[in-house]
Every structure is written in C-alpha cells, then in structure tokens.
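*Asks:* One structure follows; several queries about it will come next.
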Amino acid sequence: MTSRVNPSLSMRPMLPDDVPLLAEIFRASIEEICAEDYSDAQIEAWIESADDEAAFGKKLGEQLTLIATMDGAPVGFASLKGNENLDMLYVHPAAIGQGAASMLVDALERLAQSRGATKIKVDASDTAHDFFKKRGYAPQSRNTVTRGDEWLANTTMEKPLGDGKPGERETLQ
Ligand SMILES: CC(C)(COP(=O)(O)OP(=O)(O)OC[C@H]1O[C@@H](n2cnc3c(N)ncnc32)[C@H](O)[C@@H]1OP(=O)(O)O)[C@@H](O)C(=O)NCCC(=O)NCCS
C-alpha cells in the first residue's frame with residue numbers, strides 16, 4: 001500500500017454536529033478494515049461501543065479531536081487524551097492510503113509535544129500496529145481489553161517526541 005498526498009486533504013477540530021458522521025466512520029473502518037485481524041464477534045462488540053452516540057460524542061469532545069476532510073467532507077478522525085495518549089484513530093475505508101491518518105497523527109504528535117509531552121503512547125489495534133511501527137512507535141506491552149462480552153488484543157506502543165524537551169506551543173484548541 002503506497003499513500004499519496006491528496007491535494008483535497010485538509011484538517012480541522014471536531015464540532016458537536018460531526019458526531020453522527022464520526023460514529024459512521026468508526027463503524028465502517030472497523031467493519032471493513034479490521035475484519036482480517038479480529039473475529040466477527042469481536043468486530044460486532046467493538047462497533048457496538050459507538051451505539052450510545054451521546055457517550056461516543058462526549059468522549060471525543062473531552063479529548064482533543066481532529067478531523068481529516070477530503071473536499072470538505074470528513075473521512076477520518078484522531079484524538080489526543082491528556083498530554084500523551086493517542087486514543088482514537090479511524091479512517092473511512094474509501095479514504096485509506098491517501099495520507100489522512102499520517103496528517104492526523106503528525107498533528108497530534110506536535111500538539112502533544114506542545115503540551116509538554118516527551119513521548120506519545122497508543123494502544124494500537126493489530127490492524128494499525130504496522131502503521132505505528134513505520135512511524136517509530138515501539139511495542140511496550142501486549143494487552144487484552146473488553147468490549148461487551150468480547151476480549152480484544154492490542155499493543156501499547158510508544159514513541160519519543162522531539163529531543164525530549166517541551167516544544168513550541170500550538171494554537172489548535
Ligand atoms: C491504520 C489506519 C488509521 C491508517 O490510515 P491511512 O489513512 O490509510 O494511513 P496513511 O494513508 O496515512 O498511511 C501512511 C503510511 O502507513 C502505511 N499504512 C497504513 N495503514 C497500514 C497498515 N494497516 N499496516 C501497515 N502499513 C500501513 C501506508 O502504506 C503508508 O505508507 P507509505 O507512506 O510508505 O506509503 C487505517 O487503516 C484504519 O482506520 N484502520 C482501522 C481502524 C484502526 O485499527 N484504528 C486504530 C485504532 S488504535
């Protein structure tokens with residue numbers, strides 16, 4: 001898979017009205033992209049975590065959530081929890097391989113650094129493991145998390161930011 005720079009790709013902070021569409025992107029991304037790495041029951045349980053859209057929106061609203069757009073339409077999103085935890089990263093299957101995730105993660109890494117973080121962590125799905133590995137994230141531990149009645153495996157991965165010193169402040173949010 002080779003990503004290309006898409007000139008229509010842009011980025012903005014999440015707005016409350018985005019939540020239903022982000023829940024759709026979340027579901028489509030897991031259902032179509034993660035199906036090779038997780039069982040049908042695991043995929044179903046994972047998707048159901050967005051059924052309560054109010055709770056899903058509240059969680060994203062409490063984090064620093066950025067949206068990738070193509071020609072103005074949302075195609076993916078990513079969120080930073082606290083200073084150093086990359087929590088959510090989902091790109092719509094119709095938009096993968098075009099640099100949306102790279103753009104979002106580049107921005108969150110810079111924002112984490114501007115918040116004083118010297119490293120950034122993610123609990124990477126098995127599907128996204130190699131995406132993060134390619135970006136310099138190193139595996140720290142293997143975990144299992146519950147979604148409904150299912151157990152799903154992921155890997156905590158970590159990447160040092162900059163020279164370990166807090167960076168310039170950014171103005172997003
Ligand atoms: C992982 C994911 C976010 C990548 O999104 P994307 O927009 O396609 O990523 P990009 O286009 O920015 O890809 C950047 C690079 O990573 C590579 N890459 C992307 N996904 C990859 C994967 N699953 N495995 C290995 N490499 C991957 C691309 O080939 C590209 O490499 P290149 O620059 O050398 O061409 C997307 O596949 C996704 O939404 N997956 C399902 C949801 C998920 O598991 N989220 C993670 C929760 S922690």
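The values are calculated or read from the model by the stated rules, or taken from the named source; none is laboratory data. A quick note: this is a predicted structure, and the numbers were derived from the prediction, not measured. Positions of Cβ are generated from backbone atoms using ideal geometry, with glycine treated the same way; all protein chains shown enter the neighbour counts. Surface accessibility is based on the protein's heavy atoms, side chains included, excluding ligands, DNA and RNA. Shrake-Rupley method; radii C 1.70, N 1.55, O 1.52, S 1.80 Å.
*Asks:* In region 116-149, which residues are touching a Gly at 6+ places or on another chain (Cβ under 9 Å) and not in a strand (DSSP E or B)?
*Replies:* Within region 116-149, GLY116, ALA117, THR118 qualify.
*Asks:* Tell me, please, whether a residue that is open to solvent by 30 Å² or more (accessible area, probe 1.4 Å), within 22 Å of MET11 (Cα to Cα) and near the ligand (Cβ under 8 Å from one of its atoms) can be found in region 111-129.
*Replies:* No, there is no match, as no residue in region 111-129 is open to solvent by 30 Å² or more (accessible area, probe 1.4 Å), within 22 Å of MET11 (Cα to Cα) and near the ligand (Cβ under 8 Å from one of its atoms).
*Asks:* Turning to a different aspect of this structure: Which of the following residues is away from the ligand (no atom under 15 Å from the Cβ), surrounded by fewer than 20 Cβ atoms within 10 Å (Cβ to Cβ) and within 18 Å of the chain's Cα centre (by Cα): ASN143, ASN154, ASN83?
*Replies:* Checking each option against the conditions leaves just ASN83.
*Asks:* So, of the residues in region 25-57 that are farther than 16 Å from GLY76 by Cα, more than 10 Å from the ligand (Cβ to nearest atom) and among the charged types (D, E, K, R), which turns out to be most open to solvent (accessible area, probe 1.4 Å)?
*Replies:* ASP40
*Asks:* Going through ALA107, ALA73 one at a time, which residue ends up being over 29 Å from GLY162 (Cβ atoms), out of contact with any Gly (no Cβ under 9 Å at 6 or more places or on another chain) and more than 8 Å from the ligand (Cβ to nearest atom)?
*Replies:* Of ALA107, ALA73, the one residue that is over 29 Å from GLY162 (Cβ atoms), out of contact with any Gly (no Cβ under 9 Å at 6 or more places or on another chain) and more than 8 Å from the ligand (Cβ to nearest atom) is ALA73.
*Asks:* With LEU60, LEU22 as the choices, which residue is closer than 22 Å to THR156 by Cβ and buried (at least 20 other Cβ atoms within 10 Å of the Cβ)?
*Replies:* Answer to the selection: LEU60.
*Asks:* Here is a check on your reading of the model: is ALA138 open to solvent by 40 Å² or more (accessible area, probe 1.4 Å) and aliphatic (A, V, I, L, M)?
*Replies:* Yes.
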